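The next block holds one structure in the form of structure tokens; read it before the comments.
Nothing in this text is a laboratory measurement; each read-out follows from the coordinates by a stated rule. It should be emphasised that the depicted structure is a prediction, and the values quoted were computed from it without experimental measurement. Cβ: placed from backbone, ideal geometry, glycine included. Neighbour counts: every protein chain shown.
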Amino acid sequence: MRCFSVILLLAIVAMPCLAQQTDEAYKNAITVKAFGLSVHLKESPHPEIFPNRLDDKGYITFNYGAIVGYDRFIVRNVHAIRLEQGLYADCAASLAGFTHIGWRGRIFQKNRHSLNGGIGPTLVYRRDWNRIVGYKDDGYFNKGGGWQYKFYWYAGELEYNYKLQGKTDLSVSLVPGLPELVSVGIGVRQRF
């Protein structure tokens, strides 16, 4: 995770020279995405508690939920501060979410296509899985008040945007929850 975050940060800082300026500069953007697919990078010790898994070992699981994000551009449409909130049913179909604030930068833009990368602190939380029969706590998450949570000083995201028309983009996110999983979200970004 640390290596990925360092590489992502270097790419975000170094790559704006490849980003082509657009005609209009926007100050804000709102992103709304359906959050729904997690790919586990290793076999889960308890896939039987994943009711929405697509395979017996729990490598691919549906998570139903949404992510809402707000970008405040600080350098034209190239660099922004993003506040993001996710709420979803996690792999165990238990209420979960995350809260993130971080820096975003455009890695490249070509015609209607752009790729952004981001990094920043993130709080991930879920209802305590210890209430689920078959779950064995590995101590990774902290516990409190019926919840499990983990704070990351740096968490990353890659976001592909395809300009549909005017100020509206189709937006697809790839969120690495390394070393455990990678999650995918798809939705719309509106710049204003």
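Summarising the label geometry, the points placed 7 Å from Cα in the beta-carbon direction at Trp103 and Asn28 lie 2.4 nm from one another. With contacts taken as Cα pairs under 8 Å at a separation of at least 6 residues, the chain carries a relative contact order of 24 percent. When Phe151, Phe192, Phe141, Phe35 are sorted by how many other C-beta atoms sit within 10 angstrom of their C-beta, beginning with the fewest, the order is Phe192, Phe151, Phe141, Phe35.
Backbone phi angles across region 50-57, fed through the Karplus curve with coefficients 6.51, -1.76 and 1.60 (θ = phi - 60°), yield HN-Hα couplings of 9, x, 9, 6, 9, 9, 5, 9 Hz in residue order; Gly and Pro are listed as x. This model, with +1 at the C-beta of Lys and Arg and -1 at the C-beta of Asp and Glu, gives the chain a dipole about its Cα centre of some 580 debye.
Taking other C-beta atoms within 10 angstrom as a stand-in for reagent exposure, His113, His46, His40 fall in the order His113, His46, His40, fewest first. Site pair Phe62 and Arg112 shows an inter-label distance of 2.8 nm when each label is modelled 7 Å from Cα along Cα→Cβ.
Helix 2-14 sits at what angle to the longest principal axis of the chain, using alpha carbons and giving 0 to 90 degrees rounded to 10? Approximately 10 degrees, to the nearest 10.
Counting only the Cα atoms, region 2-191 fills a convex hull of 111 Å³ per residue. Cβ-to-Cβ counts within 10 Å put Val184, Val175 in ascending order as Val184, Val175, the fewest first.
The relative contact order of region 78-139 comes to 29 percent, based on Cα pairs under 8 Å that sit 6 or more residues apart.
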